[in-house]
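S.K.: One structure coming up, written as structure tokens, with questions to follow.
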Amino acid sequence: MRCSGCSRIPEPGRSIESIIPFEGFDAVAALAPEILHEQLELAEQLWSGRETMLEPADLPGRFGRVIHALERVVAAVGCEAVVAGGWALWRHGYLGRVTRDVDLALPAASIDDFLRVAAVTGFQPLDVPEGRWPKVLHTETHVEVDVLPESGRPGMADRPAPTTIPSPARLGGVRGAIRYISLAGLVELKLAAGRSRDLADIVELLRVNPEETANLRAHAAAVHPDYAAAFDRLTDEARRQVDH
């Protein structure tokens, strides 16, 4: 993990506004005291372990426990799986963008088996609207796991992505284990999702990984020409922010 991103979460002892990176200080103020304490403690652990927590299973507290539980499911199914979303952003240097759930990309052919094994190993399938992607709840930690299915189409209802989610094997996955999604794969999924928050995430990733810009641009262009154009705009924005 790059140290250049370390400024995204301040050192322990700073104000609550700067230590808590979730949905903003107004949201934090509304949290129950026990949740606020957990988030403060988590921020401290993530800061101190930013150079050594290299795999999803290294995450602290209940997030590490849910990854260990997911690893048992993935090992039983024998498929690849990669962590995307906020935790992948953290792993790739955007230390100020973590989350309270886990996004897990899975092969399309393995999802039914994953859900079946998960249901008898400490996870509860959650009801989702028809056509939405599966979710499960880890009953011990109360952490939700959002399944990102291979061949699922990201984007918004009125603006679906021109591409679908690749196989986890193409995103850095290893059979029978859980890994973080590759940086290029993460940027690809963020471009496909296309929400303002996703695009802002890419800007931050470019700011903390400037040496990867050319490789990321080449990957985006190879996936879809629309992604190359969007990536160029985001690169310009990242450079403007650095200049200021």
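The values are calculated or read from the model by the stated rules, or taken from the named source; none is laboratory data. Because the structure is predicted, anything quoted here is derived from the model rather than measured. Reconstructed Cβ throughout: ideal geometry from the backbone, glycine too, with neighbour counts over all protein chains shown.
S.K.: Hey, among the residues in region 142-159 that are touching a helix residue (DSSP H, G or I) at 6+ places or on another chain (Cβ under 6 Å) and surrounded by 15 or more Cβ atoms within 10 Å (Cβ to Cβ), which one's farthest from residue 186 (Cα to Cα)?
M.R.: 143
S.K.: Please go through region 172-183 and pick out each residue that is of a type in the set (A, V, I, L, M, F, W, C), surrounded by 19 or more Cβ atoms within 10 Å (Cβ to Cβ) and touching an Asp or Glu at 6+ places or on another chain (Cβ under 8 Å).
M.R.: Listed by number, the residues that qualify are 178, 183.
S.K.: Only one residue in 162, 166, 134 is in contact (Cβ under 8 Å) with a residue 60 or more places away in the chain and either crowded, with 23+ Cβ neighbours inside 10 Å or touching an Asp or Glu at 6+ places or on another chain (Cβ under 9 Å) (or both). Which one?
M.R.: It is 162.
S.K.: Which of the residues belonging to region 146-182 are under 22 Å from residue 75 (Cα atoms) and not in a loop (DSSP other than H, G, I, E, B)?
M.R.: 146, 147, 148, 149, 168, 169, 170, 171, 178, 179, 180
S.K.: Pairs needed: first member in region 115-127, among the β-branched types (Val, Ile, Thr); second member anywhere, assigned to a strand (DSSP E or B) and surrounded by 13 or more Cβ atoms within 10 Å (Cβ to Cβ); C-beta distance under 9 Å; at least 6 residues apart or different chains.
M.R.: Close Cβ pairs satisfying both conditions: 117/123.
S.K.: Given (1) out of contact with any helix residue (DSSP H, G or I) (no Cβ under 6 Å at 6 or more places or on another chain); (2) assigned to a strand (DSSP E or B); (3) not aliphatic (A, V, I, L, M), identify the lone condition not met by residue 45.
M.R.: (2)
S.K.: Oh, and also: Going by the conditions given, is residue 236 in contact with a Lys or Arg (Cβ under 8 Å, 6 or more places away or on another chain), without any contact (Cβ under 8 Å) to a residue 12 or more places away in the chain and either farther than 29 Å from residue 70 by Cβ or acidic (Asp, Glu) (or both)?
M.R.: Considered against the rule, which asks whether it is in contact with a Lys or Arg (Cβ under 8 Å, 6 or more places away or on another chain), without any contact (Cβ under 8 Å) to a residue 12 or more places away in the chain and either farther than 29 Å from residue 70 by Cβ or acidic (Asp, Glu) (or both), residue 236 comes out as no.
S.K.: Hey, another quick one. Name, by its number, the condition in (1) under 16 Å from the mean Cα position of the chain (by Cα); (2) closer than 19 Å to residue 185 by Cβ; (3) in a loop (DSSP other than H, G, I, E, B) that does not hold for residue 79.
M.R.: (1)
S.K.: Determine if region 98-107 includes at least one residue that is over 20 Å from the mean Cα position of the chain (by Cα), at pLDDT 95 or above, outside any helix (DSSP H, G or I) and not acidic (Asp, Glu).
M.R.: no
Okay, residues lined up against (1) under 30 Å from residue 207 (Cβ atoms); (2) surrounded by fewer than 23 Cβ atoms within 10 Å (Cβ to Cβ):
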| position | (1), (2) |
| --- | --- |
| 51 | yes, yes |
| 69 | no, yes |
| 83 | yes, no |
| 101 | yes, yes |
| 104 | yes, no |
| 111 | no, yes |
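S.K.: Return only the number of the condition from (1) surrounded by fewer than 23 Cβ atoms within 10 Å (Cβ to Cβ); (2) within 14 Å of the chain's Cα centre (by Cα); (3) hydrophobic (A, V, I, L, M, F, W, C) that residue 229 does not satisfy.
M.R.: Residue 229 satisfies every listed condition except (2).
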